[in-house]
Structure formats: C-alpha cells, structure tokens
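Participant: Just dropping this structure here.
The values are calculated or read from the model by the stated rules, or taken from the named source; none is laboratory data. Worth saying up front: this structure is predicted, and the values here are computed from it rather than measured. Cβ: placed from backbone, ideal geometry, glycine included. Neighbour counts: every protein chain shown. Just the protein is used for accessible areas: all its heavy atoms, side chains included, with ligands, DNA and RNA removed. Shrake-Rupley method; radii C 1.70, N 1.55, O 1.52, S 1.80 Å.
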Amino acid sequence: MIATALHRALSDPTTPALRPLPPRAVELLVAADAPPRLAAHLRAVHDVAAQLLDWLRRRYPRLVVDHEAVLFGAATHDIGKCLHPEELSGPGSRHEPAGRQLLLTQGVPAELARFAATHARWDHPDVTIEELLVSLADKVWKGRREPDLETLVVGRLAGAGDEQPWAAFMGLDDVLGRIAGDADARLDFQARYPTHPGR
Ligand SMILES: [Fe+2]
C-alpha cells in the first residue's frame, strides 16, 4: 500500500498540471518508500524534461535524442535521496552514486541508471545530449539558469539545426524563459509534500 502523501505526490492532477511519471519510475519510488517531497520534485523535473523534448521535436527534428531515457532519467535522477534524505533539504552529493547503485540493484540497465550519478555534472568530455537535458531540466524547473550548461546544449542544437550558435541560443533562451515562468507553481507543489516517508 502506498503511503498517502507519496501517492498524492505521484498522482495529484491539480495545479500545476504535471505529467505522471513513467510506470517503472513509480514502481521504483514506491519500492524505495520515497519521501513524498522527492516524488513531487521528480514530477516537476520530469514535466520540464517533457516540455523540453516537445520543443526539441518541433524545432530540431533531426536531433537524435533518446526521449525515453531522458524522461526516465528526469523521473529518477534524485532517487538516491531515499537513502540520503538529509540531501532533500540540504547540500550533498552522496545521493548521486547511491542512486545509481539503487537503480542497478533493482535491475535498471546501466545506461538508464547513469543519470542518478551524473545529473549534477556536465563538464565531463563524454557527456551525452540526454544527460545535458536531464541536468537542464533539474535547473530550469525552479527558474535557475546555468550559462555553462546552456552553452553545451546550444552547441548540440546548432550542430543539429545547421544554425549559428547565437540563433540556437535565442531559441533555447526563449523556451527556458517560458518554462521558468511557471517555476513558482512547481516550487509550491513540491513544498506541499513532507520530506519524510509515510507522513
Ligand atoms: Fe533534482
């Protein structure tokens, strides 16, 4: 039986209208008895990732992106905070390797578990577009802009769209500005849920 607050965080259809998480992500969060606030956070970031993917599909149809991987990554990136709940309300990165390990232990393939370990780092040379998008969603959901991260995304977009980086930046800046405009509603949604399981 799902704890009530966790169930509400996972299924609440009210304002803001956030897409439901992928079923496998829900299973994993329930199995881990996730803090409701974590589930709410993952819904917010997952919804922003979906908005970014919708925009990319329209504007950069030739950009190759594994949409399912991005959505799963956004929906589980902080799952390690089930094991390190103090990092829900304070700094810390212990949840990153712990989250990856938790997912691997549950049979999640390494290429999907990786987001739990990499979502806060985008400066490694092998970073993929999928990882960049999960990291971007994890910033802009609360209206935060990260110039270094956005520059990396712009590089991928300009290459896929045969356009100058400035033009790619203008388009990205526009969509990120629109998404960031709803940040307060997402922050309110997340804050409604407790940081401890089962309350
Ligand atoms: Fe996050």
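Participant: Inspect all residues belonging to the stretch 89-105 and state whether any of them is open to solvent by less than 50 Å² (accessible area, probe 1.4 Å) and among the polar types (S, T, N, Q).
Facilitator: The answer is no, given that none of the residues of the stretch 89-105 is open to solvent by less than 50 Å² (accessible area, probe 1.4 Å) and among the polar types (S, T, N, Q).
Participant: Can we say Arg19 is part of a helix (DSSP H, G or I) and open to solvent by 10 Å² or more (accessible area, probe 1.4 Å)?
Facilitator: no
Participant: Can you list residue pairs whose Cβ atoms sit under 7 Å apart, with the first residue in the stretch 135-151 being over 18 Å from Ala117 (Cβ atoms) and the second being within 12 Å of the ligand (Cβ to nearest atom) and small (Gly, Ala, Ser)? Count only pairs 6 or more apart in sequence or on different chains.
Facilitator: Filtered contacts from the stretch 135-151: Trp141/Ala44.
Participant: Could you list, in sequence order, all residues of the stretch 30-56 that are closer than 23 Å to Arg144 by Cα and of a type outside the set (A, V, I, L, M)?
Facilitator: Within the stretch 30-56, Pro36, Arg37, His41, Arg43, His46, Asp47, Gln51, Asp54, Trp55 qualify.
Participant: If we keep just the residues of the stretch 145-180 that are charged (D, E, K, R) and within 26 Å of Leu18 (Cα to Cα), which is farthest from the ligand (Cβ to nearest atom)?
Facilitator: Asp174
Participant: Which residues, taken from the stretch 98-144, are polar (S, T, N, Q) and within 14 Å of the ligand (Cβ to nearest atom)?
Facilitator: Thr118, Ser135
Participant: Please name all residue pairs, on different chains or six or more residues apart, with Cβ atoms under 8 Å, provided the first residue is in the stretch 175-199 and is open to solvent by 40 Å² or more (accessible area, probe 1.4 Å) and the second residue is in a loop (DSSP other than H, G, I, E, B) and acidic (Asp, Glu).
Facilitator: If the second residue must be in a loop (DSSP other than H, G, I, E, B) and acidic (Asp, Glu), the pairs left are Pro197/Asp33; Gly198/Asp33.
Participant: Is the stretch 28-41 home to any residue that is more than 13 Å from the ligand (Cβ to nearest atom), in contact (Cβ under 8 Å) with a residue 12 or more places away in the chain, within 23 Å of Ala160 (Cβ to Cβ) and open to solvent by 60 Å² or more (accessible area, probe 1.4 Å)?
Facilitator: There is no residue in the stretch 28-41 that is more than 13 Å from the ligand (Cβ to nearest atom), in contact (Cβ under 8 Å) with a residue 12 or more places away in the chain, within 23 Å of Ala160 (Cβ to Cβ) and open to solvent by 60 Å² or more (accessible area, probe 1.4 Å).
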